There are 4 protein chains.
Amino acid sequence: MSTMKAAVFVAPGRIEIQEKRIPDVGPNDALLRITTTTICGTDVHILKGEYPVAPGLTVGHEPVGIIEKLGSNVTGYKEGQRVIAGAICPSFTSYACQDGFPSQDGGYLTANGTCACHGYKATGGWRFGNIIDGTQAEYVLVPDAQANLAPVHDALTDEQVLMCPDIMSTGFVGAENGNIKIGDTVVIFAQGPIGLCATAGAKLRGAATIIAVDGVDERLEISRQMGADVTLNFKKVDVVDEIMKLTAGRGVDASIEALGTQTTFEQALRVLKPGGTLSSLGVYSQDLTIPVSAFAAGLGDHKIVTALCPGGKERMRRLLKIVETGRVNLEALVTHEYKLDDIVEAYDLFANQRDGVLKIAIKP
Amino acid sequence: MSTMKAAVFVAPGRIEIQEKRIPDVGPNDALLRITTTTICGTDVHILKGEYPVAPGLTVGHEPVGIIEKLGSNVTGYKEGQRVIAGAICPSFTSYACQDGFPSQDGGYLTANGTCACHGYKATGGWRFGNIIDGTQAEYVLVPDAQANLAPVHDALTDEQVLMCPDIMSTGFVGAENGNIKIGDTVVIFAQGPIGLCATAGAKLRGAATIIAVDGVDERLEISRQMGADVTLNFKKVDVVDEIMKLTAGRGVDASIEALGTQTTFEQALRVLKPGGTLSSLGVYSQDLTIPVSAFAAGLGDHKIVTALCPGGKERMRRLLKIVETGRVNLEALVTHEYKLDDIVEAYDLFANQRDGVLKIAIKP
Amino acid sequence: MSTMKAAVFVAPGRIEIQEKRIPDVGPNDALLRITTTTICGTDVHILKGEYPVAPGLTVGHEPVGIIEKLGSNVTGYKEGQRVIAGAICPSFTSYACQDGFPSQDGGYLTANGTCACHGYKATGGWRFGNIIDGTQAEYVLVPDAQANLAPVHDALTDEQVLMCPDIMSTGFVGAENGNIKIGDTVVIFAQGPIGLCATAGAKLRGAATIIAVDGVDERLEISRQMGADVTLNFKKVDVVDEIMKLTAGRGVDASIEALGTQTTFEQALRVLKPGGTLSSLGVYSQDLTIPVSAFAAGLGDHKIVTALCPGGKERMRRLLKIVETGRVNLEALVTHEYKLDDIVEAYDLFANQRDGVLKIAIKP
Amino acid sequence: MSTMKAAVFVAPGRIEIQEKRIPDVGPNDALLRITTTTICGTDVHILKGEYPVAPGLTVGHEPVGIIEKLGSNVTGYKEGQRVIAGAICPSFTSYACQDGFPSQDGGYLTANGTCACHGYKATGGWRFGNIIDGTQAEYVLVPDAQANLAPVHDALTDEQVLMCPDIMSTGFVGAENGNIKIGDTVVIFAQGPIGLCATAGAKLRGAATIIAVDGVDERLEISRQMGADVTLNFKKVDVVDEIMKLTAGRGVDASIEALGTQTTFEQALRVLKPGGTLSSLGVYSQDLTIPVSAFAAGLGDHKIVTALCPGGKERMRRLLKIVETGRVNLEALVTHEYKLDDIVEAYDLFANQRDGVLKIAIKP
């Protein structure tokens, strides 16, 4: 069998299943047979043509699978082992990686003085379904496999670990970047899958009061399962007012933005205490405005921190541990299941956010 | 002698010398006889009515003076001793202070559940010439003196330490917040007194390449004295292009904004590497725009950090040490001297930036 | 009523109830009527003469009480309000406090160049029952009350908040100093009250695997309630071996020492991964040995961090929040109750660790 | 030419020049033709048999050389280019590397659950002259070359960059781990090459007062060139007394141990302020004692931090920048030059510290 099925970006508005060659395995690679993958909001941007990728590219960046073949230099794993790899698969050898920013792999200068990429690209570490073939396929080639394969414990189902490669890693880094201290008050704006994981992350870091904001009551229900103490439906209350009341005028210690809009960004800033941190996870498609009043004219000792999903096998190992020990249970986020063959239909459901969909398990 | 001369804000456009009562000394206060003070850009905003203070208030927030009288609870100092106090004089007892943000003293909730201030005020720790009488006078009352008086070594002149209370503390925190590591490339936008101190601060933290940006060549000359390796006059070159060339496309590790305008803020962001820190010192008078391209759509692992001048006697002790040991020499920044009686004239010179003025020593 | 009952240190081996004058209230003080207090291991050291205090001093440092009288400078509280104060009551104005080490208040130089204390004293911030009269009495005077009083929510019982002033603050700082990251493996040596709180703290910070070590199975039962995933009785297993097996030879990310002996300190070091942190909470009465093998000859990127209980009203506010929101429930630690009049008996029980005692509520 | 000369460890007491095969170049390797290398204190331990390596191993770990041949997977470099590589050459792909401790590469668990090394080894990242052939040879094979080769600017001599791979990186991390803040007082114990670099590092981080301690006045002279403000010869003064006087009883903010003995470690602790950091660089050959008095019984908020030399091309790039911009000039440390053929003689000079030797340039 030398070909496989893969979900391929053809043109804006069109992702379809095609037959493709199963890739060759280089010395530093691993070939995975995908058992479960999923669709991300970014994939919908790709589908719509809002984020450009090369026509013919296989999309998807969240792999759970079985090692089919290991490159000759890759040690410590065996074929047949079930693994995941991060959505972001850094080489860990570049300047950016060694400088503490593996997700920005490729965004820095190479040794000979030229830039590693044509045009500046902050998301250099993201390769699957961006600059190399992705995971919505029967097989995927993992580059720099030594740095990126993370074995999955037999006791865990694919569904239990499906969030680790992207959603959980991203949501958690939102909490981590918020510099949460024991006893903090934290608010998370938007409770999609990433916001829900940020909510769980805030709980894990010791926040005493967690406020979740969304416009869908069903999601706010799940927020409570993830650790929210207070939920606010922005369609029903003035969120800024309510939070300032809840904190008796103090503001929150950290606010996490998990959507990528002016409104949520601005509200996140307005409820922040002097000295507080706005941890931003959203992908913004338009210029942002910082209102001078919300920013205390630049004198508020505020921090604004952005992040791209952390990857690598050590990050994955830690997230798998959190799942294994039951600290956080994200199965509630996998609301639907589709066959790879039916992925066009799955995209349609997900893009239109029908039927209470949060995440869809895709099975080749 | 129960009255003194003081520079008083009367109305927008009018600061004038008036006779005022010398204040009484409470148990936690100290009365200083001012020997030297100075005018700050913020005072010009007050003069112009752009930053509102109560009519009748004595302005100024940078004191060098002699302890005239100590409150009954203040120990470890003696009358006749020469001291400085920070422009920001925190109590160090409030929630904000104990939470790590003494400059934001007063900006947090009080114990009984109401806010410490009418309306949100991020600058709660700034009291001299803002909410209590300031230093452009023959005497000033220092509140919470135990926490704020810093003795000055006899070998130092008033001029040598005149920058410590505000300009040096602010400029240095710009470098400190930039999280500079040994070998970093750092750019500082605007080389007024604070930008020049930020330049000196970047050198102190171990930056290998320091780029100073301004539009006045005379200032850029002083930048070199403060440690700049490269100077760029924005009237002569495209600053962003030039910095990207200097860093071979990598961008800078930290950029420090020391003016408070959209242009400098935006350029500071555009030249930042993925993972870099924008340390903002400017006081912004208008809403800011973050261009989505400069912000890598929120995926660049960027940090934006703002600051209000750190105060307190420990901060002042450290800055005085830097002056004492000759690590940094800021005398070049004191370009003019005026008598307190002539302060109206001094304001006029300073507000109009005539005659190469950087800072003016005011002598009562 | 001008006198009160107080537990007074008379001589080694003798703490007894005496009548004492109720203290006068200075401008920065508050007088509390104690409703509940407790006995600490340190008090037993004082009783035995192992830690010297002045004869005649009232012992105890963990106050829950009602504000009887406020000093004239103390604002934001009202008489009749129920409050706690930290075991450590820093002024927050000293050099050490402003330098980030309020617990070491008094341990640094004063402004006039002499040391704040006769002889070096690292525990400068600890005043109650150490250098001023303590809390095992009907009344206690809280110094620097503005910085130290923390109001207690009506819904909480004295017992629920009795651990906040010392045990909980100390245990939690053990976890905080361990620099725990999401997914870490953490071990806590000794499960007395402080070790149990460190266990709860490790859970709060996001550890995935928490190992608790003690020699008493009953305590290890409570460890599980506090969040331990694995418990090891050092009387039954080789602790170092077991932990290295549990971590597959990797070692733990952080180990917390909560006893103060050579054995626990050394084991804490032996199980530490290269790059790990040993967070020490114990009070050591003898010189410690660092075996060169456990220390990787000084090449292991190890950190050893010690701590003295953090105090102040902001710290107390955060701990009270954790209790209020039910994140941690420490009532199981209060195993006994005695009247102040019977405190000699309570000391006897506690010093001899009879009857499964963990902490004793003392009621005046 | 298929053989080369190499300095080989034969048996304790015997390192000698032998002919060896020039190694083959694998896909991730680079072969360097050494132009300059040097002898380290660790090499003397190897020579004496105090640190065991396999007989037949080529010693040395500080390469300056020309790329002779690149592996097929290594990009961004070209043959003929002059480069250095760190003494520690991590893969950057292991768990330890991704966890923030690249110098401990190999010290953690592998993916399949077994330990990466037989027996615990904290120095897993150190390969040259430890577990693979080293640099005191005509050629050396650099593993994981993509992560470790750092190009050297044409304007710099070999001697100017010879300290970067080990001495400078180690000395600087001593200062970095000391968590030095602007205005700090820092003491460095021992002024051998590493201690001198730690002194330079303390200056680079903004210390206001730098105290250097050694027993050789000639070295203390060089300390002043490296930035020391005060030098103390321990043969002439009581070091602890003197430092406590210099700091008026406050103690130092950071003390750096750069020798590896009980005396220096203990003194470093005795002069430390409560809250201060002891940054240890020494390689200890015996158990250490922590005197309980110097340790404040574990209550002093002290930190003890150890380190192994950071490596990797990003670290090297930063150090090279510091040399290039003239921030630090370490040429004074290269006191002697020998041909590789005469290395036995060079070892003799260096091991016996004759003739004021600090570091020796070895030229194949």
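The values are calculated or read from the model by the stated rules, or taken from the named source; none is laboratory data. Here the structure is a predicted model, which is why all the values come from computation and not from measurement. Every residue, glycine among them, receives a Cβ derived from its backbone with ideal geometry; neighbour counts consider all protein chains shown.
Assessment of the range C:149-163 against the conditions (among the hydroxyl-bearing types (Ser, Thr, Tyr), modelled with pLDDT of 95 or more, within 24 Å of C:ARG327 (Cβ to Cβ) and surrounded by fewer than 24 Cβ atoms within 10 Å (Cβ to Cβ)) yields at least one matching residue.
Tell me yes or no: at least one residue of the range B:333-341 is facing another protein chain (nearest Cβ under 8 Å) and under 18 Å from the mean Cα position of the chain (by Cα). No, the range B:333-341 has no match at all. For the residues A:ALA87, A:ALA54, A:ALA122, the requirement of being crowded, with 24+ Cβ neighbours inside 10 Å and modelled with pLDDT of 90 or more singles out A:ALA87.
For residues that are under 23 Å from B:LEU319 (Cβ atoms) and among the small types (Gly, Ala, Ser), scanning just the range D:178-199, find the one that is farthest from the other protein chains (Cβ to nearest Cβ). Once the filter is applied, the top-ranked residue is D:GLY178.
So if I check each of B:GLU242, B:GLU218, which one is away from chain A (no Cβ under 14 Å) and farther than 30 Å from B:GLY298 by Cα?
B:GLU218
Report whether or not D:THR289 is surrounded by fewer than 19 Cβ atoms within 10 Å (Cβ to Cβ) and either modelled with pLDDT of 95 or more or part of a strand (DSSP E or B) (or both).
For D:THR289, the condition - surrounded by fewer than 19 Cβ atoms within 10 Å (Cβ to Cβ) and either modelled with pLDDT of 95 or more or part of a strand (DSSP E or B) (or both) - is met.
Among residues of the range A:327-350 that are under 30 Å from C:MET226 (Cβ atoms), those with a Cβ under 6 angstrom from a residue that is of a type in the set (Val, Ile, Thr), sequence gap 6+ or separate chain, pair up as A:VAL328/A:ILE322; A:ALA332/A:ILE222. Remark: pairs (first residue in the range A:271-284, closer than 20 Å to B:PRO291 by Cα; second residue among the charged types (D, E, K, R) and assigned to a strand (DSSP E or B); Cβ separation under 8 Å; 6+ apart in sequence or on different chains) = A:LEU278/A:GLU257; A:LEU278/A:LYS303; A:SER279/A:GLU257; A:SER280/A:GLU257; A:LEU281/A:GLU257; A:GLY282/A:GLU257. Pairs are defined by a Cβ separation below 8 Å, a sequence spacing of at least 6 or placement on different chains, a first member in the range B:206-227 that is free of Cβ contacts under 8 Å to residues at least 24 places away in the same chain, and a second member that is crowded, with 24+ Cβ neighbours inside 10 Å; the pairs so defined are B:ARG224/B:ALA212. The set of residues from the range B:139-177 being acidic (Asp, Glu) and within 11 Å of another protein chain (Cβ to nearest Cβ) comprises B:ASP144, B:GLU176.
For D:VAL283, indicate whether it is at the interface with chain C (Cβ under 7 Å from one of its Cβ atoms), in a loop (DSSP other than H, G, I, E, B), surrounded by 20 or more Cβ atoms within 10 Å (Cβ to Cβ) and among the aliphatic types (A, V, I, L, M). When the stated conditions are applied, D:VAL283 passes them.
The single condition from (1) more than 14 Å from chain B (Cβ to nearest Cβ); (2) under 18 Å from A:ILE132 (Cβ atoms) that A:SER103 fails is (1). Does the range C:318-326 contain any residue that is in contact (Cβ under 8 Å) with a residue 40 or more places away in the chain, assigned to a helix (DSSP H, G or I), within 14 Å of another protein chain (Cβ to nearest Cβ) and touching a Gly at 6+ places or on another chain (Cβ under 7 Å)? For the range C:318-326, residues in contact (Cβ under 8 Å) with a residue 40 or more places away in the chain, assigned to a helix (DSSP H, G or I), within 14 Å of another protein chain (Cβ to nearest Cβ) and touching a Gly at 6+ places or on another chain (Cβ under 7 Å): present. For the range C:222-266, the set of residues classified as hydroxyl-bearing (Ser, Thr, Tyr), surrounded by 18 or more Cβ atoms within 10 Å (Cβ to Cβ) and not in a helix (DSSP H, G or I) consists of C:THR231, C:THR247, C:SER255, listed by residue number. Would you call A:GLU345 within 29 Å of A:PHE128 (Cα to Cα) and at pLDDT below 95? It is false that A:GLU345 is within 29 Å of A:PHE128 (Cα to Cα) and at pLDDT below 95. Within the range B:298-317, the residues that satisfy the criterion of being within 14 Å of chain D (Cβ to nearest Cβ) and either among the aromatic types (Phe, Trp, Tyr) or part of a helix (DSSP H, G or I) (or both) are B:LYS313, B:GLU314, B:ARG315, B:MET316, B:ARG317.
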